[in-house]
Amino acid sequence: MNGNQPIRTFGDFWQDTTDCWQKLPNKAFFFILLVSWLALFQFLGNSILGYIHTPSLFSWMKEAYNSPNPAADDSHGNFIPLLVLGVFWWKRHELLDSRLRLWVPGLLILFFGMVLHVLAYTVQEPHFSILAFFIGLYGLMGMAWGPEWLSKSFFPFFLFMFSIPLGQHAAMITFPLRLLVTWLVEMVCHLFGIDVIRAGTQLFNPSGTFQYDVAAACSGIRSLVANFLLATVYAFFTFRSTWKRLLIIALAFPFAVLGNLLRLLMVIVAAELGGQQWGDRLHDNFFTSLMPYVPAFIGLFLVGHWLEKRKENPAPK
């Protein structure tokens, strides 16, 4: 099937995928090395052996992704590999149009990943071992298919960064976010004449009819990660200019804060009108829980549309 023809049926999809697979060279070379690389991290990937008693880095990652700890929501890590595979499939013809060849310098990338893993394993820091695994995998692909393949596959591999679970390290992000959003809520409430008192990450009114503590799970970390992931995918698929990509990705943070601010303001207003019960009802509502994502979805696409339509001023003659 010609790569320029649209895929209309599952048969077209399967035929196109099979054709691309047959065109890919050095498959045996890559997959033999890949199995060896996977085995290293399966049997000598995790040295902590504490709460998760396993030498497998992959088992450690699975436990981290599905941890019940509400302060560190890393569940998105479960579907990142599927997203990366989807992006690789989307770019399949672009990748196959590269000059595919064995490339010895890719061994240097693999070696760097190995050194990083040895250091991480020694100091019992599996987060860096995860990074080392992906760096080594990137190097293996370079060895099998060359530098042009690496250049075109950088974006899919960048998405693997979202596979690194934050765990307790998320507190370095969530606590400043909690302080920021409570300060913004207090400021906006005062502008609209709503008497709210802020004490650290707590919000309450003088009469004591409601009181809320912006916990780590309510800091906006979930929407922040989702917005950064959305912004990254959108930026790389839509724009070729580096500054436009960086601008879209950078906007994920203010849009995430704005969305969380709107949600908390809705809760405070409801509690001001009907007490703690009204506020709790709104806080636990499924639809209001989606509010942090709305400004990002709308804002990113509006800014992206503006950037697509924007024309550079003609140079003066």
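For the range 224-317, a crude dipole built from +1 on the beta carbon of Lys and Arg and -1 on the beta carbon of Asp and Glu, taken about the Cα centre, is about 680 debye to the nearest 20.
For Ser47, nonlocal amide neighbours, meaning residues 5 or more places apart or on other chains whose placed amide H falls under 5 Å from its own, do not occur. Take 80-88, 53-61, 239-247 and order them by the average number of nearby Cβ atoms within 10 Å per residue, most first; the result is 53-61, 80-88, 239-247.
Among 266-278, 191-203, the peptide with the highest mean count of other Cβ atoms within 10 Å heads the list, and the full ranking is 266-278, 191-203. Volume per residue of the convex hull around the Cα atoms, evaluated for the chain, comes out as 205 Å³. Normalised by the number of residues in the chain, the average gap of Cα pairs under 8 Å and 6 or more apart makes the relative contact order 14 percent.
Using the Cα coordinates of the range 102-208, the gyration tensor eigenvalues translate into equivalent-ellipsoid semi-axes of 48, 17, 7 Å, sorted from longest to shortest. For the range 86-147 and the range 213-281, what is the centre-to-centre distance using only Cα atoms, to the nearest Å? Spelled out, the Cα-based centre of one part sits 32 Å from the other. The order of the peptides 139-152, 98-111, 172-185 by mean Cβ neighbours within 10 Å, most packed first, is 139-152, 172-185, 98-111. Centre-to-centre, using Cα atoms only, the range 189-211 and the range 30-56 are separated by 50 Å.
Taken per residue, the accessible surface of the range 94-171 reaches 47 Å², heavy atoms only and a 1.4 Å probe. Placing R0 at 51 angstrom, the Cβ-Cβ distance between His190 and Val118 gives a FRET efficiency of 0.40 after rounding to 0.05. Length gained on full extension, Gln202 to Asn66, computed as 0.36 nm times the residue gap minus the Cα-Cα distance: 46.1 nm.
Expressed as a whole percent, the accessible surface of the chain that belongs to carbon and sulfur atoms is 68, based on a 1.4 Å probe. Calculated translational diffusion coefficient of the range 175-281 (25 °C, 0.890 mPa s; Stokes-Einstein with Kirkwood radius over alpha-carbon pairs) equals 164 µm²/s.
The values are calculated or read from the model by the stated rules, or taken from the named source; none is laboratory data. Since the model is a prediction, treat every value here as computed from it, not as a measurement. Glycine also receives a Cβ, built like all others from the backbone with ideal geometry; neighbour counts cover every protein chain displayed. What goes into the accessible areas is simple: the full protein's heavy atoms, side chains included, and nothing from ligands, DNA or RNA. Shrake-Rupley method; radii C 1.70, N 1.55, O 1.52, S 1.80 Å.
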